[in-house]
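Okay, so here's the structure we're looking at.
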Amino acid sequence: MTYLRGVVLGALLAVPVHAQETISLTVASSHPTVVPWVGMIKTHFMARTDEILAETGNYEIAWNEAFGGQLYKANATLSSVEEGITDIGWVFSFLEQAKLPLSQASSNAPFATSNPALQLEVHQELLETNEAFRNEWEQYNLKVLGLTGTDLYDLYLKEPIGGIDDIDGMKISAPGVLGNWLRGTGANAVDGALTTYYTDIQTGVSDGVLTLALGALPIKVYEVAPYINRFDAGGAFSGAVAINRDSWDSLPEEVQNAMIEAGQYYTREHGKDLVERHETAMNKMVELGATIVDMPEGELIKWVNKMPDVASDWADPLEARGIPARDFLAAYLDGVRARGETPARDWDK
C-alpha cells in the first residue's frame, strides 16, 4: 500500500505545473480619474479584463497606471498611443480634427440626439460596419477597444442669461470642434479642455464654458462659473479607449478576446452612466452653490437655427480630399433616426 501511494504521488509530481503568465501594460490618460469616463477605464475596462482572465488563470495583467497627464497632455492623446508612449490610452477625438475628421460628424451635426447611450450605440455600429470610420482610427497604429461620448451640454457662465441671444459678445471656452456650436450666436469661442476651464474663467480668458455636467462637477467649474444656463444640448462622440497596435499584436489571443469583451462592456456601461449620472451631477453642483437657470422652451431650436450650415462647412473640404464625409454623416443621422430620435435639424438634407 505504501509502495502504491508512492507511485501515485510520483506520477502527480511528474505532471508539469501550469504557470500563470503576467503581462505588463501601461494604461494612461490626459485627464484624471475623477472624470467619469476616465475613471471607468480602471473600474470597468481594466477590472472586467481582469475578471475574464481570472476565469482560466492563464494570464494576468500587471497594469502600470499613468492617469491624469503623467505621460502626456490633452493635445497628445492620439500620438501617445500611436507611438507606444502608453500601451492603452483614452484618445480625445475632439482635439484631433485633422487626423480624425469623420469622428467629428456628431459634433458637426449638433443636437441630433439628447440620448448619450443611443449616440454611442450608433457609433459602435458604425465602427463595425463603416470601413472609412474604422480605417480612420486604425491607420494610426492602434485598435479601438471602447468608445466614449458626452452627456448633455449647457453654458456655465459667470452671470445668468435669459436665452441664447444673451451670449452675443461673450468669450466662451469650448473644446476644439465644439466651438462651432457658438457660430452664429455672436459669442467668441476660446479653445480649451476640462483641464484648462477653471483657470481660463478665473483669469478672465473666458466668461464661461460650453461643457457637460459630468466634466464640470469634478473640476469644480461651478466655483468660477456658478450659473448653469440649462439648454440640455445634445451630446457627441468624444473619443475611444485604444491600444497601440504593436502592443495588441504581442498579446495572446485569450487576452485580446478578454479586452474586446471588456471594451464592449465599458462602452455600454459608460453610455448608461452618462444618462443616469447627468441629473445627479447637476443636483450635486446645486448643493455646492451652483444655480440652474432653465432656458425658455424653444431656445435650443433657436440656438441650432442660428448656426450656419456647419455640417456642410465640415463635409465639403473633406469630400474634396476624397473622404466620404457626407455618406458618413447620413449614416450617423440615419442610425439616430432608426432608433426613434428626431434630430433638431436635418443636417444631411
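Every read-out reported here was derived from the displayed coordinates using simple, explicitly stated rules and does not represent laboratory data. Keep in mind the model is a prediction, meaning the values are calculated, not measured. Positions of Cβ are backbone-derived with ideal geometry, glycine not excepted, and every protein chain shown enters the neighbour counts.
Answer rounded, prolate or oblate for the range 99-172, using the Cα gyration tensor with square roots of eigenvalues a ≥ b ≥ c: rounded when a/c is under 1.5, else prolate when a/b is larger than b/c, else oblate.
In terms of gyration-tensor shape, prolate.
Work out how much length Lys99 to Arg339 would gain on full extension: take 0.36 nm times their residue separation and subtract the Cα-Cα distance, in nm to one decimal.
Contour length minus the Cα-Cα distance gives 83.5 nm.
Assign unit charges at the C-beta atoms only (+1 for Lys and Arg, -1 for Asp and Glu), then state the dipole size of the chain relative to its Cα centre in Debye, rounded to the nearest 20. Can you show the working numbers first?
Details: 25 positive and 49 negative charges, 68 e Å.
Rounded to the nearest 20 debye, it is 320 debye.
At most 15 other Cβ atoms within 10 Å and a DSSP loop assignment: could you name the GluC sites (Glu not before Pro) in the range 12-86 that fit?
Qualifying residues, ordered by number: Glu55, Glu83.
Name all residues of the range 335-349 having a backbone nitrogen under 16 Å from the label point set 7 Å from the Cα of Ser312 along its Cα→Cβ direction, giving them as ranges.
Within reach of a label on Ser312: 345-349.
Run lengths n ≥ 4 of DSSP H only: what is the helix-derived mean residue ellipticity at 222 nm for the chain, with -39500 (n - 2.57) per run over all residues, to the nearest 500?
-12500 deg cm²/dmol
Find how much the distance from Asn64 to Asp246 grows on full extension, using 0.36 nm per residue of separation minus their present alpha carbon separation; answer in nm with one decimal.
Here the answer is 63.8 nm.
Would you mind calculating the gained length between Leu127 and Val34 on full extension (0.36 nm times residue separation, minus the Cα-Cα distance), in nm to one decimal?
Using 0.36 nm per residue and subtracting the Cα-Cα distance, I get 30.7 nm.
For the range 20-176, compute Rg over Rh where Rg is the Cα radius of gyration and Rh is the Kirkwood radius from the inverse mean 1/r over Cα pairs.
1.02
With only Lys, Arg, Asp and Glu charged, each at its Cβ (+1 for the first two, -1 for the last two), find how big the charge dipole of the range 171-305 is about the Cα centre; round to the nearest 20 debye.
The calculation lands at about 440 debye.
Put a dot 7 Å past each Cα toward the Cβ at Lys284 and Ile23; how far apart are the dots in nm?
For the pair Ile23/Lys284, the computed spacing is 3.3 nm.
Rounded, prolate or oblate: pick one for the range 212-334, where a ≥ b ≥ c are the square roots of the eigenvalues of its C-alpha gyration tensor, a/c under 1.5 means rounded, and failing that, prolate if a/b is larger than b/c, else oblate.
It comes out oblate by the Cα gyration axes.
What does the charge count near Asn115 come to, summing +1 for each Lys or Arg and -1 for each Asp or Glu among other residues with Cβ under 15 Å from its Cβ?
Numbers: positive: Arg268, Lys272, Arg277, Arg337, Arg339; negative: Glu121, Glu125, Asp151, Asp232, Asp273, Glu276, Glu279, Glu341.
Surrounding charge for Asn115 is -3.
How big, in percent, is the set of alpha carbon pairs in the chain lying more than 32 Å apart?
Result for the distance tail: 34 percent.
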